[in-house]
Amino acid sequence: MTTSLFAPPTVALAQAAPLLQTQGFAVLDSAGTAELAGHPVAALNPLQADWPHLEPDEYLLDGGRYRRRRHASCVLHPASATQAAWVEGMPHRAHWQPVTYNALHGGLERWFAPVAANTLARPAWQGLLLGVAALADVLRGPQRWWCEAHQFRIDTTGGIGRPTPEGAHRDGVDLVAVILVSRHGIKGGETRVFDAAGPAGQRFTLSQPWQTLLLDDARVIHESTPIQPEGDGPGWRDTLVLTLRGGGFQDAPAG
(Lines give C-alpha, C1' and ligand atoms only; values in the text may rest on other atoms or scores of the structure.)
Protein backbone atom coordinates (compact mmCIF):
# COMPACT_ATOMS: atom_id res chain seq x y z
CA MET A 1 0.00 0.00 0.00
CA THR A 2 1.50 3.34 -1.05
CA THR A 3 1.12 6.03 1.59
CA SER A 4 3.20 8.88 0.11
CA LEU A 5 1.26 11.53 -1.78
CA PHE A 6 3.32 12.42 -4.83
CA ALA A 7 1.99 15.72 -6.14
CA PRO A 8 0.43 15.53 -9.60
CA PRO A 9 2.24 17.40 -12.40
CA THR A 10 -0.53 19.97 -12.92
CA VAL A 11 -0.38 22.37 -15.86
CA ALA A 12 -2.39 25.31 -17.12
CA LEU A 13 -5.34 24.50 -19.37
CA ALA A 14 -3.50 26.00 -22.37
CA GLN A 15 -0.82 23.31 -21.98
CA ALA A 16 -3.21 20.37 -21.70
CA ALA A 17 -3.80 19.73 -25.41
CA PRO A 18 -0.09 19.94 -26.36
CA LEU A 19 0.79 17.53 -23.56
CA LEU A 20 -1.95 15.11 -24.61
CA GLN A 21 -0.43 15.17 -28.09
CA THR A 22 3.17 14.65 -26.95
CA GLN A 23 2.99 12.44 -23.84
CA GLY A 24 -0.60 11.17 -23.85
CA PHE A 25 -1.78 12.70 -20.58
CA ALA A 26 -2.12 15.97 -18.68
CA VAL A 27 -3.31 16.99 -15.22
CA LEU A 28 -5.26 20.13 -14.33
CA ASP A 29 -5.64 21.70 -10.90
CA SER A 30 -9.02 22.96 -9.71
CA ALA A 31 -8.56 26.34 -11.40
CA GLY A 32 -7.76 24.62 -14.69
CA THR A 33 -10.79 22.35 -14.37
CA ALA A 34 -12.99 25.38 -13.67
CA GLU A 35 -11.59 27.09 -16.76
CA LEU A 36 -12.20 23.93 -18.77
CA ALA A 37 -15.84 23.89 -17.64
CA GLY A 38 -16.34 27.61 -18.13
CA HIS A 39 -17.68 27.88 -14.56
CA PRO A 40 -16.00 28.80 -11.27
CA VAL A 41 -15.15 26.20 -8.65
CA ALA A 42 -18.05 27.54 -6.59
CA ALA A 43 -20.39 26.35 -9.37
CA LEU A 44 -18.74 22.90 -9.47
CA ASN A 45 -18.94 22.30 -5.73
CA PRO A 46 -22.74 21.70 -5.60
CA LEU A 47 -22.18 18.62 -7.78
CA GLN A 48 -20.49 16.95 -4.79
CA ALA A 49 -23.89 16.50 -3.13
CA ASP A 50 -24.66 13.61 -5.52
CA TRP A 51 -21.94 11.26 -4.34
CA PRO A 52 -23.39 10.20 -0.96
CA HIS A 53 -26.47 9.02 -2.86
CA LEU A 54 -24.88 6.72 -5.44
CA GLU A 55 -26.22 3.16 -5.77
CA PRO A 56 -24.25 -0.05 -5.09
CA ASP A 57 -22.40 -1.60 -8.02
CA GLU A 58 -23.98 -5.06 -8.25
CA TYR A 59 -21.57 -6.35 -10.91
CA LEU A 60 -18.24 -6.57 -9.06
CA LEU A 61 -16.85 -10.01 -9.89
CA ASP A 62 -14.18 -9.90 -7.19
CA GLY A 63 -16.94 -10.19 -4.57
CA GLY A 64 -16.35 -6.70 -3.22
CA ARG A 65 -18.98 -4.25 -1.93
CA TYR A 66 -16.77 -1.17 -2.01
CA ARG A 67 -18.07 0.59 -5.14
CA ARG A 68 -21.13 2.76 -5.71
CA ARG A 69 -21.89 4.45 -9.01
CA ARG A 70 -24.30 6.11 -11.39
CA HIS A 71 -24.07 6.31 -15.17
CA ALA A 72 -25.28 8.54 -18.00
CA SER A 73 -24.75 8.73 -21.75
CA CYS A 74 -24.94 11.63 -24.17
CA VAL A 75 -23.69 12.90 -27.52
CA LEU A 76 -21.58 16.06 -27.53
CA HIS A 77 -22.06 18.13 -30.67
CA PRO A 78 -19.40 20.58 -31.89
CA ALA A 79 -20.19 24.21 -32.56
CA SER A 80 -21.39 25.17 -36.03
CA ALA A 81 -21.86 28.46 -37.83
CA THR A 82 -25.36 28.73 -36.40
CA GLN A 83 -25.18 26.92 -33.04
CA ALA A 84 -22.87 26.70 -30.05
CA ALA A 85 -21.56 23.31 -28.94
CA TRP A 86 -24.29 21.39 -27.15
CA VAL A 87 -25.12 18.27 -25.14
CA GLU A 88 -27.72 15.80 -26.43
CA GLY A 89 -28.95 13.47 -23.69
CA MET A 90 -29.41 9.81 -24.60
CA PRO A 91 -31.93 7.32 -23.17
CA HIS A 92 -30.51 5.34 -20.25
CA ARG A 93 -28.46 2.44 -21.56
CA ALA A 94 -26.17 -0.34 -20.41
CA HIS A 95 -22.43 0.16 -20.03
CA TRP A 96 -20.49 -2.43 -22.03
CA GLN A 97 -16.81 -3.08 -22.70
CA PRO A 98 -15.07 -5.91 -24.55
CA VAL A 99 -12.77 -8.20 -22.58
CA THR A 100 -9.81 -6.77 -24.50
CA TYR A 101 -10.24 -3.56 -22.49
CA ASN A 102 -11.69 -4.91 -19.25
CA ALA A 103 -10.51 -8.41 -18.44
CA LEU A 104 -12.61 -8.58 -15.24
CA HIS A 105 -15.96 -7.14 -16.34
CA GLY A 106 -15.71 -7.14 -20.13
CA GLY A 107 -18.50 -8.79 -22.09
CA LEU A 108 -21.17 -7.89 -19.52
CA GLU A 109 -24.05 -5.52 -20.13
CA ARG A 110 -24.02 -3.58 -16.85
CA TRP A 111 -27.09 -1.52 -16.01
CA PHE A 112 -26.20 1.07 -13.40
CA ALA A 113 -28.52 3.57 -11.73
CA PRO A 114 -28.88 6.75 -13.82
CA VAL A 115 -27.30 10.08 -12.96
CA ALA A 116 -29.94 12.36 -11.40
CA ALA A 117 -31.87 14.45 -13.91
CA ASN A 118 -31.23 17.69 -12.05
CA THR A 119 -27.48 16.98 -12.20
CA LEU A 120 -27.58 16.45 -15.95
CA ALA A 121 -29.28 19.84 -16.33
CA ARG A 122 -26.71 21.79 -14.30
CA PRO A 123 -24.70 24.24 -16.43
CA ALA A 124 -21.50 23.26 -14.59
CA TRP A 125 -22.05 19.57 -15.45
CA GLN A 126 -22.64 20.37 -19.11
CA GLY A 127 -19.67 22.73 -19.07
CA LEU A 128 -17.39 19.91 -17.94
CA LEU A 129 -18.62 17.65 -20.74
CA LEU A 130 -18.23 20.30 -23.43
CA GLY A 131 -14.83 21.37 -22.12
CA VAL A 132 -13.50 17.83 -22.38
CA ALA A 133 -15.06 17.55 -25.86
CA ALA A 134 -13.18 20.69 -26.93
CA LEU A 135 -9.90 18.99 -25.96
CA ALA A 136 -10.93 15.86 -27.85
CA ASP A 137 -11.56 18.06 -30.90
CA VAL A 138 -7.97 19.30 -30.72
CA LEU A 139 -6.68 15.76 -30.32
CA ARG A 140 -8.73 14.03 -33.03
CA GLY A 141 -10.45 16.81 -34.99
CA PRO A 142 -13.89 18.41 -34.46
CA GLN A 143 -16.70 15.85 -34.53
CA ARG A 144 -19.56 14.43 -32.49
CA TRP A 145 -18.43 12.63 -29.37
CA TRP A 146 -20.30 9.73 -27.75
CA CYS A 147 -19.78 10.33 -24.05
CA GLU A 148 -20.36 8.14 -21.00
CA ALA A 149 -20.29 9.73 -17.54
CA HIS A 150 -19.61 7.60 -14.47
CA GLN A 151 -20.02 8.82 -10.90
CA PHE A 152 -17.92 6.57 -8.61
CA ARG A 153 -17.57 6.29 -4.86
CA ILE A 154 -14.96 3.79 -3.66
CA ASP A 155 -15.22 3.30 0.11
CA THR A 156 -13.37 1.44 2.84
CA THR A 157 -16.30 -0.08 4.73
CA GLY A 158 -14.93 -3.55 4.01
CA GLY A 159 -11.38 -2.53 4.93
CA ILE A 160 -10.13 -1.95 1.38
CA GLY A 161 -11.53 -0.41 -1.79
CA ARG A 162 -10.28 -0.87 -5.34
CA PRO A 163 -10.78 2.04 -7.78
CA THR A 164 -9.61 -0.13 -10.70
CA PRO A 165 -10.19 -3.81 -9.85
CA GLU A 166 -9.44 -4.65 -13.51
CA GLY A 167 -5.85 -3.39 -13.09
CA ALA A 168 -3.94 -1.18 -15.50
CA HIS A 169 -6.11 -0.75 -18.57
CA ARG A 170 -7.35 1.26 -21.50
CA ASP A 171 -11.05 2.03 -21.95
CA GLY A 172 -11.41 1.63 -25.73
CA VAL A 173 -12.28 5.29 -26.29
CA ASP A 174 -10.49 8.40 -27.53
CA LEU A 175 -10.22 10.60 -24.44
CA VAL A 176 -10.72 9.90 -20.73
CA ALA A 177 -11.12 12.49 -17.96
CA VAL A 178 -10.78 11.34 -14.35
CA ILE A 179 -12.00 14.16 -12.11
CA LEU A 180 -11.44 13.95 -8.36
CA VAL A 181 -14.60 15.09 -6.58
CA SER A 182 -13.69 14.28 -2.97
CA ARG A 183 -11.19 12.30 -0.92
CA HIS A 184 -11.81 11.62 2.77
CA GLY A 185 -10.14 9.54 5.47
CA ILE A 186 -8.04 7.29 3.23
CA LYS A 187 -4.52 6.35 2.31
CA GLY A 188 -3.55 4.97 -1.07
CA GLY A 189 -5.46 5.75 -4.24
CA GLU A 190 -2.31 6.55 -6.17
CA THR A 191 -2.75 7.18 -9.90
CA ARG A 192 -0.36 5.45 -12.28
CA VAL A 193 -0.08 6.29 -15.98
CA PHE A 194 2.07 4.23 -18.34
CA ASP A 195 3.06 4.54 -21.98
CA ALA A 196 1.05 1.80 -23.71
CA ALA A 197 3.97 1.04 -26.03
CA GLY A 198 6.91 1.28 -23.63
CA PRO A 199 8.18 1.32 -20.05
CA ALA A 200 7.79 5.04 -19.31
CA GLY A 201 5.31 6.01 -16.61
CA GLN A 202 4.44 8.39 -13.81
CA ARG A 203 2.82 8.01 -10.41
CA PHE A 204 1.06 10.67 -8.36
CA THR A 205 -1.98 11.14 -6.17
CA LEU A 206 -4.99 13.27 -7.01
CA SER A 207 -5.66 14.78 -3.59
CA GLN A 208 -7.63 18.00 -4.10
CA PRO A 209 -11.23 18.34 -5.36
CA TRP A 210 -11.53 19.13 -9.05
CA GLN A 211 -8.07 18.02 -10.04
CA THR A 212 -8.48 16.35 -13.43
CA LEU A 213 -6.42 13.68 -15.17
CA LEU A 214 -6.81 13.74 -18.96
CA LEU A 215 -5.75 10.66 -20.95
CA ASP A 216 -5.30 9.92 -24.64
CA ASP A 217 -6.65 6.39 -24.35
CA ALA A 218 -4.85 5.19 -27.48
CA ARG A 219 -1.44 6.08 -26.07
CA VAL A 220 -1.50 5.31 -22.35
CA ILE A 221 -2.83 2.82 -19.84
CA HIS A 222 -3.83 3.80 -16.33
CA GLU A 223 -4.82 2.48 -12.92
CA SER A 224 -5.41 3.64 -9.35
CA THR A 225 -4.06 1.69 -6.38
CA PRO A 226 -6.36 0.37 -3.62
CA ILE A 227 -7.43 2.57 -0.73
CA GLN A 228 -7.50 1.79 2.99
CA PRO A 229 -8.94 3.78 5.91
CA GLU A 230 -6.55 6.30 7.42
CA GLY A 231 -8.27 6.34 10.83
CA ASP A 232 -11.12 4.69 12.67
CA GLY A 233 -13.92 6.31 10.65
CA PRO A 234 -15.16 5.59 7.15
CA GLY A 235 -13.17 6.71 4.14
CA TRP A 236 -13.95 7.22 0.49
CA ARG A 237 -12.68 8.45 -2.87
CA ASP A 238 -15.22 10.12 -5.16
CA THR A 239 -14.53 10.61 -8.86
CA LEU A 240 -16.34 11.58 -12.03
CA VAL A 241 -15.02 9.70 -15.05
CA LEU A 242 -15.89 10.91 -18.54
CA THR A 243 -15.08 8.84 -21.63
CA LEU A 244 -15.38 10.24 -25.15
CA ARG A 245 -15.43 8.09 -28.24
CA GLY A 246 -15.81 9.01 -31.89
CA GLY A 247 -18.18 7.10 -34.13
CA GLY A 248 -20.56 5.71 -31.52
CA PHE A 249 -20.85 4.02 -28.16
CA GLN A 250 -19.24 0.68 -27.37
CA ASP A 251 -22.11 -1.80 -27.55
CA ALA A 252 -22.44 -5.53 -27.14
CA PRO A 253 -22.30 -7.36 -30.49
CA ALA A 254 -25.72 -7.92 -32.03
CA GLY A 255 -27.12 -11.40 -31.57
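Here are the numbers for the structure shown:
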item	result
Qualifying strands (runs of 3 or more DSSP E) (wholly inside the stretch 172-255; at least 1 residues being crowded, with 23+ Cβ neighbours inside 10 Å and free of Cβ contacts under 8 Å to residues at least 60 places away in the same chain)	175-184
Verdict on Val87 being under 26 Å from Ser182 (Cβ atoms) and β-branched (Val, Ile, Thr)	yes
Residue match in the stretch 232-249 (condition: modelled with pLDDT of 95 or more, under 12 Å from the mean Cα position of the chain (by Cα), charged (D, E, K, R) and under 25 Å from Ala7 (Cβ atoms))	yes
Scan of the stretch 116-133 for residues that are surrounded by fewer than 18 Cβ atoms within 10 Å (Cβ to Cβ) and either hydrophobic (A, V, I, L, M, F, W, C) or over 14 Å from Ala37 (Cβ atoms) (or both), ordered by number	Ala116, Ala117, Asn118, Leu120, Ala121
Among (1) closer than 29 Å to Gly159 by Cα; (2) buried (at least 16 other Cβ atoms within 10 Å of the Cβ); (3) not basic (Lys, Arg), the one test that Thr10 misses	(1)
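This table checks each residue for (1) at pLDDT 95 or above; (2) surrounded by 14 or more Cβ atoms within 10 Å (Cβ to Cβ); (3) under 17 Å from the mean Cα position of the chain (by Cα).
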residue: Ala43; (1), (2), (3): yes, yes, no
residue: Pro46; (1), (2), (3): yes, no, no
residue: Trp51; (1), (2), (3): yes, yes, yes
residue: Cys74; (1), (2), (3): yes, yes, yes
residue: Ser80; (1), (2), (3): no, no, no
residue: Val99; (1), (2), (3): no, no, no
residue: Gly107; (1), (2), (3): no, no, no
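Matching residues to (1) of a type in the set (Phe, Trp, Tyr); (2) within 14 Å of His150 (Cα to Cα); (3) assigned to a loop (DSSP other than H, G, I, E, B):
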{"site": "Ala26", "(1), (2), (3)": "no, no, no"}
{"site": "Thr33", "(1), (2), (3)": "no, no, no"}
{"site": "His39", "(1), (2), (3)": "no, no, yes"}
{"site": "Leu47", "(1), (2), (3)": "no, yes, no"}
{"site": "Glu58", "(1), (2), (3)": "no, no, yes"}
{"site": "Asp62", "(1), (2), (3)": "no, no, yes"}
{"site": "Ala72", "(1), (2), (3)": "no, yes, no"}
{"site": "Glu88", "(1), (2), (3)": "no, no, no"}
{"site": "Arg93", "(1), (2), (3)": "no, yes, yes"}
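The values are calculated or read from the model by the stated rules, or taken from the named source; none is laboratory data. These numbers come from a predicted model, not from an experiment. FYI the Cβ positions are ideal-geometry reconstructions off the backbone, even for glycines, and counts take in every protein chain you see.
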